[in-house]
Every structure is written in structure tokens, then in C-alpha cells.
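Below: one structure, written as C-alpha cells.
The values are calculated or read from the model by the stated rules, or taken from the named source; none is laboratory data. What you are looking at is a predicted structure, and each value in this text was computed from that prediction instead of being measured. Ligands, DNA and RNA are excluded from the accessible area calculation, which covers all protein heavy atoms including side chains. Shrake-Rupley method; radii C 1.70, N 1.55, O 1.52, S 1.80 Å.
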Amino acid sequence: QVRLVESGGGSVQAGGSLRLSCAASGRDFSIKVMEWYRQAPGKQRELVATITNAGSTRYADSLKGRFTISRDNAKNTVDLQMNSLKPEDTAVYYCRYLGDYRDYWGQGTQVTVSS
């Protein structure tokens, strides 16, 4: 069983930066893809960024250039560096790991950006 725990959320002023981290306890050796999602109040959860075990990345179009996803395969962790934050980035951010047979979600970490 894999349990994911996010950290690094908090409150920041517009233009600031935060770095989110997701750590896994337990191991599923079929996990290849790690992702970050976010959900703002009253909105659907949306995909922020994806990274494969080969290091290929993909981002939501609106976030390109401001967010960077990275992973440490040895530590089984994934990070999200968020720069030039805007009030519209305010949301709960979740990490997700995809294995061959199931996915795993963290409990989320709140990011609040004030103007």
C-alpha cells in the first residue's frame, strides 16, 4: 500500500514562490507517472503537471513557464516549484501516482496567494 503526503503549501503574496513536495510511504514498483493536480473552491480538480519515470514533463497550458515538476526516483518523491504565483493559483494541490493497476492520491496541501 502506498500513502502519499504533500507538504510545502502555505500563504504567499502574488509574485512569490512556493515549492510543494510529495513523499510516498510504501512502494508500488509499477508506478511510472507522477502528477500534480489542483482544485480551487467551486471548481473541478484540474491537472497541473505530469512527469514520467523517464523525466518527460507536461504542463497545463496556462502554467507553462511558471511551474516546474521534478521527481527523485530513488526517493520516490515528486516536487512542484511554483514561481510568479497569482491569486488564481489559490487551490488545494494534490499529488497523484499512477501504477499499472491503480492510482494513489495525497490528502492535499493548501496554497493561498494574496494580491
**Message:** Per q in 0.10, 0.17, 0.19 Å⁻¹, report the Debye log10 I(q)/I(0) for the chain, using one uniform scatterer on each alpha carbon and no solvent.
**Reply:** -0.26, -0.76, -0.94
**Message:** Please compute the contact order of the chain in relative form: average sequence separation of alpha-carbon pairs under 8 Å and at least six residues apart, divided by the residue count, as a percent.
**Reply:** 36
**Complete:** In Å², rounded to a whole number, the accessible area per residue of the chain with probe 1.4 Å is 53
**Request:** Please list, or write none, the lysines whose alpha carbon is within less than 23 Å of the alpha carbon of Lys86, excluding same-chain residues fewer than 8 places away.
**Result:** Lys43, Lys64
**Asked** Which lysines, on any chain, are close to Lys32 with Cα under 17 Å apart, when same-chain ones fewer than 8 places away are left out?
**Response** Lys75
